[in-house]
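The values are calculated or read from the model by the stated rules, or taken from the named source; none is laboratory data. Remember, it's a predicted structure, so these values are computed and weren't measured experimentally. When we count neighbours, we look across all protein chains shown, and the Cβ atoms used for this are built from the backbone with ideal geometry, even at glycine. To get the accessible areas, we keep the full protein, side chains included, count just its heavy atoms, and leave off ligands, DNA and RNA. Shrake-Rupley method; radii C 1.70, N 1.55, O 1.52, S 1.80 Å.
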Amino acid sequence: MEPHELEDKWQKKWADARIFEPDVSEIRKFFLTAAFPYPNSPQHIGHARTYTTTDVYARFMRMKGYNVLFPMGFHVTGTPVLAMAKRIAEGDKEIYEIFKNIYNIPEHMVSQLNTPEKLVDYFSKEIELGMKEMGFSIDWRRKFYTYDKMFNKFIDWQFIKLNEKGYLKQGSHPVPWCPKDNNAVGSHDTQGDVDPNIDEYVLIKFKFGNYNLLTATFRPETIYGVTNLWVNPSVNYVRIESNGESYIVSSDAAEKLKHQMKLELKEQVRTVELIGKNCTNPMTGEEIPILPADFVDPRNGSGVVMSVPAHAPYDFLALRDLKGTSFENYSDRAVQVIELAGYGKYPAKEISEKLGVADQKDPKAKQATEELYRAEAHEGRMITGKYRGEKALTAKEKIKQDMLAEGKVLLMYDIINGPVYCRCGTMCVVKKVEGQWFINYGDEGWKEQVKECLKQVSIIPKKTIVEYEYTIDWLKEKACVRASGLGTPFPFDRTQIIESLSDSTIYMAFYTISPYLKEIDAEKLYPEVFDYLMLGKGNAKEVSTKFSIDEQLLNKMREELLYWYPLDSRHSAGDLIHNHLTFFLFNHVAIFPRELWPKQIVTNGFVLMEGKKMSKSMGNILPLREAIRKYGTDVVRFSVVSGADLSQDADFNSTMAEGIASRMNSIEMLVKRCNEFPLESNTVDNWLLSAIHKKVKFSEEHYKNLELRDIAQDEFYGAINELKWYLRRGGKNRKVLREYLEYLILLLSPFIPHFSEEMWEKLGKKEFVKDSEFVSIAEWPKHDEMKIDTSADLSEQLILNTREDIDNIVRITKMTPRVIYIYCASDWKRKLYSLAYKEKKFDVVMKEAMKDDRMRGTPKEAQRVIEQLIKNVNYLSPTVLSSRQEKEALEGAKNFLSSELNADVFILSEDEAQDAHSKKARQAMPMKPSIFIG
RNA sequence: GCAGGGGUGGCGGAGCCUGGUCAAACGCGACAGACUCAAGAUCUGUUGGCUUAGGCCUGCGAGAGUUCAAAUCUCUCCCCCUGCACCA
């Protein structure tokens, strides 16, 4: 059967039997969720990693006997789809190209996706189909969209709760802004998808007559070393008035400052009115000149720069460049502010000369600046001013605060990776938004509780715990609303929309009640209703009467929540630790009682495509549904989760995918043929049974810890190799094979469920494990300790070693063996082996050995054997076969060896060796028989 | 800068927490052989160097140390990747 027929067949059967639609029951539950998708593009194989990991886990837990709930919804909050719909409506070429070439959506379809709703509808359906084709065991009855009315009411309630706790606050906040669109811009709003980076300049007021020149700097601590100011003669400067004061800045800066403070634009100021005149350093009171420099960029900061030639290479260079002009007499002045090991009094000069920087236009000036700034900030110490002796970095902050308090400076935000342009073509600025709402993740008491919570959450992989700890410490106020976007209006200012990372923190609880909420008019979902449903406040009767909602329904929902919550496992890619997953903890701690806090978080790495990161620009995105069509669901499932350890990136490539398919094929052949095998037993039978029971024994732990890669290695690739070896060794026992396969299919079922169902069906009535209509809900097998057979394992190991040794000899001697004698070591050597394993010391073993009559007879030989054993004392295994067992094992493999090597094989014990062989035979050691090739 | 993750055979990638069975799992690639008219697929073997008896040597970013013994532990250094927010 074609993979796709097979997939359809089982997906349909599962759906018909509703085996993934759990309800409240007596059975112990397991509730797990994966981060829901944002439907602004088709999902690719990378998205499938998290969901497949979750699904494998869900399927495993289901087989372990849990009532498992794995729901899914769609996150349609925020601005990207808005921006996308707008671009489509406007006929933006670039987006049409992306849709056509990368998403494979025909052009006539694209033009219809011109509203956010249509886009969401299109992509969410596409994604849902993909998830269904992947065979994810999702309960689709619980699906919702975050712009559903009922969800809005839920989020409304959440924010009312946060406010009650005092976790919401208002303040001002700088955001990247498009002055034309009058809107905040994210990376998806900018040309080339650039993410604007905002940094803070300190604007220092230098008194100039009745005005102030405003210089912009990142290094206010160098104020003590200012020798002059710089203005660019070819730039337009203007006078502005704000807060009763008058300032001079570049006209570009004035435009930007408009968005950050109230100001009036006054007259132009010609640079000739400035250059050569003096102004006053507000810190030192010193009079300093205003000089011309070309490096000053009017678009950066204020367009006026303070010159600190001792520490700023540009300033030193610009001064030096004045030589030969009328300002020549200013050209060699420097005041040292910071002391730095390895530098003298004039670090900027020293580094510029060291690097051979020609002038202020030389690109090397930038390098010199970066190098010196880094060193000084990190290791430099103040040698002047109030904070003399302190580190430059700490002094910087203190000096800034002091001057702020004294009214000597203003602050200005600027985009430091600019200029960044909005898609509309306008250059973005920074706007200081007043009255911005925040969730105060900086609240110390809250942080403490979250840390408490973290202690009781099982974090997988363990090593990511530090990242959560770090994030909890580092989080501060998080702006939680935006002026536009899809989602829930903010309850305390309905003109604002709650942004997407803030409305997705406790939605897991919503799944428990979402199917029932659909029966209620959303308008009735007042906060008190959720108080009851989520927190058990009040009682169903009251709520029912007050809001005319069916009491039974309320009880039912409360019951669902209490049954499913807390969440047993949360899954996402590792990049969300720094925001979503930590917010998730914060919000649960804030809103829910301790017993409903999450139990586990699992994060995973990404998927690479043929070794490279998938990206639109590389054009190497493999859409999930295309991958399914090409390789089949189970192959895709297997590839994305088994290619790497959980936290590492997995590589998807076609050779690997084909390899998986061909191995599945091998298993299928055996399943089909296994009943044709005779019942003939062979010494290798016990080994195969031992192997499968070991797998059963150890795979459970791997599944629990989501060590999916190990499962793939041991249970899939390992099984193939074992089966191959079994057949090669002449194994052909129908029962043994069936037993192996029945267990194996159970172990593989969470990974490759469609294939497993088919094999489960093909195997027919089970003879060794408990049967079930679907392997997907079959009982997880238990191993039989009795069948784990150490001596069978050792025997097989012995045969393998012997085979390899013979190969080695043949290869080195280049002879064609016609007859092979294998001599097994005597039992007295095995006694020494066990002694050596136990005692590990030569003299102890030797002493013990001499108590034995046989060995006392030939002390030299005993000594030689002990020496050898002690030499490799750490390689010895705890148990060892007896001479008889060894001979039996080899005897059982005689035909195998004989036919593989095309030679007559004789198995003897070393005592039976004669003549020329006897010397060689004496070298036999336990588990390493001596070999004589003739 | 801060935080996190890495540097292992031609490549991907285990192992390193709990030092010895590590010339290093597993896979890919390459080479040789079988099958085939041939190619592909498949199967068998080889794939650091030396070696006519299962052995020896060199090796896991660089350097130093601890140890009988280090890819594995400690220290120093170099290099690479990711994140740093209001954005899903």
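About the Cα centre, and with charges only on the beta carbon of Lys, Arg (+1) and Asp, Glu (-1), how big is the dipole of segment A:48-185? Nearest 20 debye, please. Using only the charged Cβ atoms, the result is roughly 640 debye. The modelled label-to-label distance between A:Ser681 and A:Asn801, using points 7 Å beyond Cα along the C-beta direction, is 2.6 nm.
In segment A:814-934, one over the average inverse separation of all distinct C-alpha pairs is 15.1 Å, which is the Kirkwood hydrodynamic radius. From the alpha carbon centroid of segment A:431-509 to that of segment A:124-168 is 17 Å.
Taking segment A:762-871, which trypsin sites (Lys or Arg not before Pro) meet the DSSP loop condition and have no more than 14 other C-beta atoms within 10 Å? Loop-located and lightly packed - A:Lys765, A:Lys770, A:Lys782, A:Lys814, A:Arg818, A:Lys840, A:Lys841, A:Lys851. Helix check for chain A. Which DSSP H runs span at least 27 Å along their own axis by Cα, with a mean Kyte-Doolittle hydropathy no less than -1.0? Those that clear 27 Å and a mean of -1.0 are A:654-673, A:684-704, A:790-813. How much FRET efficiency would the formula 1/(1 + (r/R0)^6) give for A:Asp784 and A:Thr879, where r is the Cβ-Cβ distance and R0 is 22 Å, rounded to 0.05? Efficiency computed from Cβ-Cβ geometry: 0.65. Applying the criteria of a DSSP loop state and at most 14 other Cβ atoms within 10 Å to the trypsin sites (Lys or Arg not before Pro) of segment A:439-535 yields A:Lys476, A:Lys518.
Beta bridges per DSSP, both residues in segment A:780-934: antiparallel share near 45 percent.
Label zone (A:Asn104, point 7 Å along Cα-to-C-beta; backbone nitrogen cut-off 14 Å) within segment A:34-60: A:42-45.
Summarised in one figure, the compactness ratio Rg/Rh of chain A, Cα atoms and Kirkwood Rh, is 1.10.
Size descriptors for segment A:888-934, from the alpha-carbon set: Rg then Dmax equal 11.0, 28 Å.
Length gained on full extension, A:Glu610 to A:Glu528, computed as 0.36 nm times the residue gap minus the Cα-Cα distance: 24.2 nm. Here segment A:793-855 and segment A:240-283 have alpha carbon centers that stand 92 Å from each other.
All C-alpha to C-alpha distances of segment A:578-633, sorted into 5 Å bins beginning at zero, yield P(r) values of 4, 14, 15, 14, 11, 10, 11, 11, 9, 2 percent in whole numbers. When the Cα convex hull of segment A:372-445 is projected onto planes of every orientation, the mean area is 9.1 nm². Between A:Asn721 and A:Lys463, the modelled labels are 2.4 nm apart [label points 7 Å from Cα along Cα→Cβ]. Cα extents for segment A:253-296 along the principal axes, largest to smallest and rounded to whole angstrom: 32, 25, 22. If you bin all the Cα-Cα distances of segment A:52-177 at 5 Å, starting from zero, the percentages per bin are 2, 8, 13, 14, 13, 15, 14, 11, 7, 3, 1. Rolling a 1.4 Å probe across the protein heavy atoms gives chain A an accessible surface of 43 Å² per residue. Applying both filters, DSSP loop and at most 16 other Cβ atoms within 10 Å, to the GluC sites (Glu not before Pro) of segment A:51-152 gives A:Glu90. Neighbours of A:Ile198, meaning other residues whose beta-carbon lies under 14 angstrom from its beta-carbon, give a summed charge of -1 when Lys and Arg score +1 and Asp and Glu score -1.
Multiplying the residue separation of A:Thr384 and A:His578 by 0.36 nm and subtracting their alpha-carbon distance yields 65.8 nm. Of A:Phe842, A:Phe20, A:Met403, which is farthest on the positive side of the dipole of chain A, counting Cα position, with +1 on Lys and Arg Cβ, -1 on Asp and Glu Cβ, and the Cα centre as origin? So the residue furthest toward the plus end is A:Phe842.
Dipole magnitude for chain A: computed about the Cα centre from +1 point charges on Lys and Arg Cβ and -1 point charges on Asp and Glu Cβ, it is near 1440 debye.
Computed in the context of the full set of protein chains, the accessible area of segment A:471-551 at 1.4 Å probe radius has 51% of its extent on carbon or sulfur.
Projected onto planes of every orientation and averaged, the convex hull of the alpha-carbon atoms in segment A:677-829 covers 12.3 nm². Taking 7 Å steps out from each Cα toward its Cβ at A:His4 and A:Lys599 produces label points 4.0 nm apart.
Shape class of segment A:1-78 from the alpha-carbon gyration tensor: oblate, with a/c at 1.5 or above and b/c at least as large as a/b.
Using the Cβ-Cβ distance between A:Asp92 and A:Glu267 with R0 set to 60 Å, the FRET efficiency works out to roughly 0.90. Within chain A, DSSP assigns beta bridges of which about 70% are antiparallel (rounded to the nearest 5).
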